[in-house]
Amino acid sequence: MNRLDSGRLYEFVFRGHLADEALDRAGRVRRPSVDSSVADVADALSLELLDPSLLEEARRMAVVYAAIAAFEGSARRFIAKVLLDEHGSNWWEERVSERIRRFAQTRREDEEKTRWHGRRGDSLLDYTELGNLVDIVQQNWTDFEPYVRRMDWASAIFGVVERSRNVIMHSGVLDIEDIERLGISMRDWLKQVGA
């Protein structure tokens, strides 16, 4: 690059920087991105306008929700891995009941109609409910028995997680005993299946 081209490039970048600063001074509102910090997200939501005591309860439950969401994601990943390893890439069509496949497909199609909103995921397994995951394990018991050992135990674990999840997702608050039970249940599952 010669000196003339270098000067033009510098001028172009500098003008862009000045324009960016001018837009910010004029009150430009930046949309939060996926990479936004927690503070940026909080600012975008105007949390300062909400009741502080309700916000504090919600923040406590947000920690619980994060654990549940991560647990659910790891359970889905575990189920997909076991079935992929045992049955190959057609495991969804061959090893999951038509009822669950139809439910997930209907949910995905409904979500696709709302194009302005983000999607739940790429896999149809992402469109299932926690109870469906237990059903998939049951339907493929011989594949999961080496990991899970007892189906009633798995059902109980997912029952605790689902009950807690439903309370939080409907703006409820869990008591510490419920949080401890949830923690023990998730920990037991993760240690048992190695997910």
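Would you confirm whether or not the stretch 102-119 contains a residue that is of a type in the set (Phe, Trp, Tyr) and part of a helix (DSSP H, G or I)?
yes
Residues of the stretch 73-84 being without any contact (Cβ under 8 Å) to a residue 24 or more places away in the chain and either surrounded by 14 or more Cβ atoms within 10 Å (Cβ to Cβ) or β-branched (Val, Ile, Thr) (or both), which ones?
Result: 84, single match.
All but one of (1) among the hydroxyl-bearing types (Ser, Thr, Tyr); (2) closer than 18 Å to residue 73 by Cβ; (3) surrounded by fewer than 17 Cβ atoms within 10 Å (Cβ to Cβ) hold for residue 89; which doesn't?
Here residue 89 clears every test but (2).
List the pairs whose first member sits in the stretch 85-100 and is more than 15 Å from residue 126 (Cα to Cα), whose second member is at pLDDT 95 or above and loosely packed, with under 13 Cβ neighbours inside 10 Å, and whose Cβ atoms are under 7 Å apart, counting only residues at least 6 apart or on separate chains?
From residues that are more than 15 Å from residue 126 (Cα to Cα), the pairs are 87/94.
The values are calculated or read from the model by the stated rules, or taken from the named source; none is laboratory data. These numbers were taken from a predicted model, which means no experiment stands behind them. Don't worry about glycine lacking a Cβ; one is built from the backbone with ideal geometry, like all the others, and counts go over all protein chains shown.
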